[in-house]
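Asker: Below is a structure I'd like to ask you about.
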Amino acid sequence: MSTYVSPAAQFAAAAAAEAEAEAAGAPEVSEVDQQLAEMTPFLAICPAAPPGYVPPVFEHDLEPMAVAVAVAVSDDVAVSADSAVGSDAGDERPPLATAEAGAGAKHRRGGGAAAPDLADETAFPALGGGGSGPPSAGAAKKPAWSSAGGAVAAAAAPTRATEVLDLPLMQAEAGAAVRRIMARTGARIDVSHNAALGTSTYVVSGAAAAVAAAKRDVCAALSPRITRVVDVPAEARAAVAKAASAIGAAAGATVQVGRASPSGLDAAFETVAVSVSGTVAAVASAVAAVEAAADRRTTCRVARVSVPRDALALVVGRQAAGLHALKDAHPGVAVHVPGPGAAGGDASVIRVAGEPALAAACAAAIKSAADAAMAASQVADVPVDRRQHRFVAGTGGAGLRDIALATGCAVSLPPARVAADIIRVRGAPDALAAAVAMVRARASERAADAFDATRAHPAYARPALYAHRALRYLRSRERLRRVEAEHGVELSGAEGVIEIVGPSAAAVGGACEALGALFAALPPHHFNGMDVDAHQADALREWHAAAGPRLQATRSVCVLIPAAGDHASAGALVVYEGFNADVERLGDAPAREAATRELLRATLEEMRAAMAAAGAASAVLAAHVPAGLQAALRARAAEVLGADGAHVALRFGALEGEQPAAGSRKAVAPLAADCVEVRGPPDAAARVVAELERRARHVSETVAVPAGLVARVVGRGGDALRRLRGTRDVTVDVTPGGVARVAGVADDVAAVAADLRALVAKMGDDAAETVDVAHALHGALLAGGGRFVQRLRDKYAVRIQFPAKDGAGADLGADQIRIRGSREAVAEARAELLELAAYEAEHAHSARVSVPAASLPHVVGRGGARISEIKDATATRIDVGAPGTGAADVTIAVTGTRAGVAAAVAAIEAVAAEHAALDDAAVDVPPRHHRFLIGSGGARVRELVAAAGGDPDATSGPRACRVQFPRAAGGDSLIRLRGDRAVVAAVRARIEELVAERERVVTVLVPVPQAQHAFVIGRGGARLKQLQDAHAVEIRFPRGADAAEDVRVTGLPDACAAARDALLALVRDEARVTVPLAFHRRLGGRSSAMWRRLRADHSVQVDAARVDRHPQPAPPTESEEPAGDLIFADADAGLDGLSAEWVLRGDAAGLPPALAAIDAALAEAAAAPPAVEARLRVDPRFHRHIIGKNGAAVAKIRDATACDVAVPPRTASTPWVTVAGPRPDVERAIEMIREAIEIHD
């Protein structure tokens, strides 16, 4: 990375360096300086602005600027040459941050406080480089630490140095700040301004320590603080999170790694946001280090393309043609387009995953395609009732997705908060009409309306309470489900408004009327209730199990008790259902209302008595808790409540805002800010109050920490203190003087203070040990920003020092690592370090494999799925090289264990070989044969693949063969085959054989009487399917009432002849007989016993070819309505001379005995006593009891009496039930009807 520096700044820097070199002489280069110079790459400075140079624009919206580049001091940790943390020079040093401050806490400069010594090894354990040497001038100063602070090992600096910084243009303020910095640090600072570029150039020269301090102060005082958010692959989150602390400390920035929140997308598209805050230079350095850490874990990147929401459908195109074209043009990448139902900030963001260059190219193509499609599109506004919008959208946006795929057009619905009816359709001009038609068709598929229960009784003062109670009751009694079933609609909604959706406006209107009738029958005085606590509800449920049926039977009162864990029902509810005889006989409406209220009041009193008898008393207590502690206590409510959590409820005064449920009878009184309300059983409530007040009592305790151990007690970024605190409710502050203050709940303070004293005592037993580890493994141990070594430091509170990069050092060999700390910690860290080294030695194997460039997409798989599967199965890292232009092969690098690398290489080569074995073929087959080759549900295609030795279920790999037929309307005749070469060849040969056979196919006509078509076809087409399968033919029956009798049989000539004979064998003989209409009405019909007996005994099917119409008398008027409840009449009156013609079909042997049976029945009917018809007056409310569930009750009466029982339909207004048959049987049927009514009365 290089940074543009203006020519004036270069000249000033060179002049200052030359002047100081002449005055001081050439400085002597120390051994440490030489090591640092060998480890540090050169900083490239352009002599002039490169062509087309544009200074970067950062997120703080200031003028463009250029920043100094970060210089790397090791392979894994980057330290910015111009990074600094702090505020203006005049700031005073605040108290040190607590353990909760996190890695974002900053060291500040100020009066009286010593700056940290960057060369003090006790404060900054060495991660790499640096042997022992004379202490620097600042070594005697004590470092300032906080529990959130951090440090980066510093290497010795040269004696003289010059640094150049370009920052945003400053004028009056810059001069004063620069003078203060020069006076404080002793460095020389030359400033020049460039109004054209909007930058100020600072040339800082002098002693190395002074230059470093001055540059840090310049950045702090004159550089703005910015924040950048970097998206890294979710796969790399762990690596970035482990290196975040080291990266932030090295760059002087704050690095925060977001949580991985699965979005439901493919793993390749999952990203994690990393937020980097600090000065411009520090952020640039930290961002580069974050991306480098992510690169060490995976080379995959996710590019995000933001496009207008309407452009999503336009990019995807009709039948996803546009998306497929993009993927074909950019192999090796995966593309995710959010669906029309997506919501949130990423609803219009297209993600592209793959190698950085490939993903960037595909993203640019998507952006270009979106812009072109939007420019060429047109818009149509379609007015649609807002209630129909959800039908257009469909579940989860499925309707919008269907329209987009079918037409390539985007459909935009107005937001729910906007009262608009217009739906906007955008798309290509030739597709717009089809999309508008689909929108209107989907909108008219269903009808919708709403019923507002809060307006059912407008005079009631608390409509919301009434609606909540009425809906709760109706749902518990399943009355709403009955409305749904009767009208074929769906009911939904809450807070008193019921949404009604149905197939037609008539069904919705009928349901709305039914709901109105339900609520009209439940006036507000039919309800009463009381609030109950959880433990009281337990007692009421036991009482209700015994008392509920009694109350229902004697008072017609329904009692609803909240179920266990139900917090939405808001107490117990009592409902008068309207069937109490004592109440209903009262003629005066006010008297009925007063009696109803008394019934409900008596029921509530009985419930209160039951709670008192069960000892289910409730207490409401108050605990005094400071407002600042209430949020933390609510977050740990389960811990505070303990075993009483099931029966005790808490309400926090400082967190007021919890509203009572809609069905609550009482308003919630406000609480004081320092009050917590505890409600529940008295003993349990008292225990919870005591626990709350115990946790509200905060204490503090101090622990002495030796100055030399402060850094190790705090840990990198305060990690050690955070682990020490754990989940305890305390804060820990450590001052530079070595005093740790622990504050919080008394028990937790005592526990943390004891742990801290034990840790200090353990660290006091210092020891040092040198571990032999091959120098070649040091880089692996320090990989990822040294996260493994840092974990050992934090876990065991030890210091770990590595030799210089070239292996030289005062007292460390190239293959040695020094560990310092307590004896026990050193021993444990040594064992784990050696174990880690052994693991790295085992996993350091690598290999490269070349695959044909044409096979690369097959090896990588869709969205990288196949290469990820190989990587996970072999526990290896796989890096796919970019295919060069015109290159025949692509190199893939594999790293891991020896066995894992070998397995991964074998798997990659196997996949490449599998791709090489694939073959593509096409067979030209006339479209008229395609349907036959496909078969029912694709059955014949599967048979073809299986017969060729392939696997019909395999889509790739050995034995796979995919058969693709063209669209029926496309006119294409080519059938395309792709898969295993041998299987493809066999399937192709078999298709050609079948087509040759089909060319010999003929069609014959078989005369079959139309009346017998249903019999030949069989129930559910079973007999027809059997014929077709047995003879390998296709049989088609004519359709329509006027269709011909000929049946078309298509197949090979011999097969058609055999099928013709089989069809004719199924044709049956016929006979006709005429019977009196009275006989037909009594014994005929498809469900009659006689017809069933003829079919069972003689295999004869009976149908009615003709039935004379019985003249029905006009229904009587109200004045003509008979006065009695039971009327008898002659059942056969008016039937003389009327008849019915029966058609009997069967074989020649079965017809004569069937005719004889009919003659016998006619003779028996002629000798039987005359039939009567009785009309019984029954209240229409009880008709359903006569019918029974699914007609079971009326069927029982018919079977028991052999009478014809007719109940008027629900839509009829007549109360008369008709019973016909012999008089004794009719009287028995009437008796059974009355018994059914009495049971339910």
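The values are calculated or read from the model by the stated rules, or taken from the named source; none is laboratory data. Values in this document were obtained by computation on a predicted structure and should not be read as measured data. Using ideal geometry, Cβ is built from the backbone for each residue, glycine included, and neighbour counts are taken over all protein chains shown. For accessibility, only protein heavy atoms count, side chains too; no ligands or nucleic acids. Shrake-Rupley method; radii C 1.70, N 1.55, O 1.52, S 1.80 Å.
Asker: Looking only at the stretch 291-323, which residues are in a helix (DSSP H, G or I) and at pLDDT 85 or above?
Answerer: Those that are in a helix (DSSP H, G or I) and at pLDDT 85 or above: ALA311, LEU312, ALA313, LEU314, VAL315, VAL316, ARG318, GLN319, ALA320, ALA321, GLY322, LEU323.
Asker: Also, quick follow-up: Restricting the first residue to the stretch 850-876 and requiring it to be more than 16 Å from LYS327 (Cα to Cα) and free of Cβ contacts under 8 Å to residues at least 60 places away in the same chain, which pairs with a second residue that is open to solvent by 30 Å² or more (accessible area, probe 1.4 Å) and assigned to a loop (DSSP other than H, G, I, E, B) meet a Cβ separation below 7 Å and a spacing of at least six or different chains?
Answerer: ALA853/PRO883; ALA853/ALA887; ALA853/ALA888
Asker: Answer yes or no as to whether ARG160 is on the phi < 0 side of the Ramachandran plot, basic (Lys, Arg) and at pLDDT below 80.
Answerer: Against the criterion (on the phi < 0 side of the Ramachandran plot, basic (Lys, Arg) and at pLDDT below 80), ARG160 qualifies.
Asker: Mind telling me which of the residues ALA288, ALA260, ALA250 ends up being part of a helix (DSSP H, G or I) and open to solvent by 10 Å² or more (accessible area, probe 1.4 Å)?
Answerer: After ruling out the rest, the residue left standing is ALA288.
Asker: Mind checking which residues of the stretch 458-478 are open to solvent by less than 40 Å² (accessible area, probe 1.4 Å) and either touching a helix residue (DSSP H, G or I) at 6+ places or on another chain (Cβ under 7 Å) or free of Cβ contacts under 8 Å to residues at least 60 places away in the same chain (or both)?
Answerer: Passing the criteria: TYR466, ALA467, ALA470, LEU471, LEU474.
Asker: Can you say whether ALA631 is over 30 Å from GLN552 (Cβ atoms), open to solvent by 30 Å² or more (accessible area, probe 1.4 Å) and touching a strand residue (DSSP E or B) at 6+ places or on another chain (Cβ under 9 Å), as far as the supplied structure shows?
Answerer: Spelling it out, ALA631 is indeed over 30 Å from GLN552 (Cβ atoms), open to solvent by 30 Å² or more (accessible area, probe 1.4 Å) and touching a strand residue (DSSP E or B) at 6+ places or on another chain (Cβ under 9 Å).
Asker: Has the stretch 1040-1048 got any residue that is assigned to a helix (DSSP H, G or I), open to solvent by 80 Å² or more (accessible area, probe 1.4 Å) and touching a helix residue (DSSP H, G or I) at 6+ places or on another chain (Cβ under 9 Å)?
Answerer: No, the stretch 1040-1048 has no match at all.
Asker: Got a sec? Which of ALA404, ALA441, ALA435 is modelled with pLDDT of 90 or more, in a helix (DSSP H, G or I) and either more than 33 Å from the chain's Cα centre (by Cα) or over 16 Å from PRO340 (Cβ atoms) (or both)?
Answerer: When all the criteria are applied, what remains is ALA441.
Asker: I'm checking my understanding of the structure. Among residues of the stretch 595-623 that are closer than 30 Å to GLY653 by Cα and assigned to a loop (DSSP other than H, G, I, E, B), which one is least open to solvent (accessible area, probe 1.4 Å)?
Answerer: Residue satisfying both the conditions and the ranking: ALA616.
Asker: In addition: Would you call ALA1140 at pLDDT 85 or above, open to solvent by less than 40 Å² (accessible area, probe 1.4 Å) and over 20 Å from ARG1093 (Cα atoms)?
Answerer: Against the criterion (at pLDDT 85 or above, open to solvent by less than 40 Å² (accessible area, probe 1.4 Å) and over 20 Å from ARG1093 (Cα atoms)), ALA1140 does not qualify.
Asker: Does LEU1083 satisfy the condition of being open to solvent by less than 70 Å² (accessible area, probe 1.4 Å), under 30 Å from ARG1198 (Cα atoms) and touching a Ser or Thr at 6+ places or on another chain (Cβ under 6 Å)?
Answerer: no
Asker: Let me ask another. Does the stretch 1086-1105 hold any residues that are open to solvent by less than 30 Å² (accessible area, probe 1.4 Å) and either of a type in the set (Ser, Thr, Tyr) or in a loop (DSSP other than H, G, I, E, B) (or both), and which are they?
Answerer: Once the filter is applied, which keeps residues that are open to solvent by less than 30 Å² (accessible area, probe 1.4 Å) and either of a type in the set (Ser, Thr, Tyr) or in a loop (DSSP other than H, G, I, E, B) (or both), the stretch 1086-1105 yields SER1088, VAL1100.
Asker: Can you pull out every residue in the stretch 168-209 that is assigned to a strand (DSSP E or B) and within 16 Å of SER223 (Cβ to Cβ)?
Answerer: PRO168, ILE189, VAL191, HIS193, THR199, SER200, THR201, TYR202, VAL203, VAL204
Asker: Moving to a separate point now. Within the set of pairs 6 or more residues apart or between chains, which connect a residue that is modelled with pLDDT of 80 or more inside the stretch 206-224 to a residue that is of a type in the set (S, T, N, Q) and open to solvent by less than 10 Å² (accessible area, probe 1.4 Å) with Cβ atoms less than 8 Å apart?
Answerer: VAL211/SER205
Asker: Tell me which residues, restricted to the stretch 479-525, are open to solvent by less than 20 Å² (accessible area, probe 1.4 Å), within 27 Å of VAL574 (Cβ to Cβ) and not hydrophobic (A, V, I, L, M, F, W, C).
Answerer: Residue satisfying the conditions is GLY496 alone.
Asker: Still on this structure, please answer the following. When the residues of the stretch 324-347 are narrowed to those that are within 23 Å of ALA273 (Cα to Cα) and at pLDDT 85 or above, which ends up nearest to the chain's Cα centre (by Cα)?
Answerer: The extreme case among them is PRO338.
Asker: Provide a single number: the residues in the stretch 526-563 that are open to solvent by less than 30 Å² (accessible area, probe 1.4 Å) and part of a strand (DSSP E or B).
Answerer: So the count comes out to 7.
Asker: Could you tell me whether any residue of the stretch 567-582 is part of a loop (DSSP other than H, G, I, E, B) and under 15 Å from GLY548 (Cβ atoms)?
Answerer: The answer is yes; a qualifying residue exists.
Asker: Would you kindly identify the helices (runs of 4 or more DSSP H) lying entirely within the stretch 1147-1241 that contain at least 1 residues that are among the small types (Gly, Ala, Ser) and over 30 Å from VAL1073 (Cα atoms)?
Answerer: Those helices (runs of 4 or more DSSP H) span 1192-1201, 1223-1240.
Asker: Which pairs have Cβ atoms under 6 Å, sit 6 or more apart or on different chains, and link a residue in the stretch 935-957 that is surrounded by 13 or more Cβ atoms within 10 Å (Cβ to Cβ) to one that is part of a helix (DSSP H, G or I) and basic (Lys, Arg)?
Answerer: From the stretch 935-957, the pairs are LEU944/ARG990; PRO952/ARG942.
Asker: Mind listing just one residue for me: the one in the stretch 985-1023 that is open to solvent by less than 30 Å² (accessible area, probe 1.4 Å) and of a type in the set (A, V, I, L, M, F, W, C) and, of those, farthest from ALA1104 (Cα to Cα)?
Answerer: VAL987
Asker: Which of (1) open to solvent by less than 80 Å² (accessible area, probe 1.4 Å); (2) in contact with an Asp or Glu (Cβ under 7 Å, 6 or more places away or on another chain); (3) in contact (Cβ under 8 Å) with a residue 40 or more places away in the chain is the odd one out, the single condition CYS1203 does not satisfy?
Answerer: The number of the failed condition is (3).
Asker: Something else: Going through ARG216, ARG184 one at a time, which residue ends up being over 30 Å from SER868 (Cα atoms), open to solvent by 50 Å² or more (accessible area, probe 1.4 Å) and over 52 Å from the mean Cα position of the chain (by Cα)?
Answerer: ARG184
Asker: Exactly one of (1) surrounded by fewer than 16 Cβ atoms within 10 Å (Cβ to Cβ); (2) touching a residue at least 60 places away in the same chain (Cβ under 8 Å) is unmet by VAL699. Its number?
Answerer: Just one mismatch for VAL699, condition (2).
Asker: Sticking with this one: Among the residues of the stretch 370-392, which ones are in a helix (DSSP H, G or I), among the small types (Gly, Ala, Ser) and surrounded by fewer than 20 Cβ atoms within 10 Å (Cβ to Cβ)?
Answerer: ALA372, ALA375, ALA376 - these are the residues of the stretch 370-392 that are in a helix (DSSP H, G or I), among the small types (Gly, Ala, Ser) and surrounded by fewer than 20 Cβ atoms within 10 Å (Cβ to Cβ).
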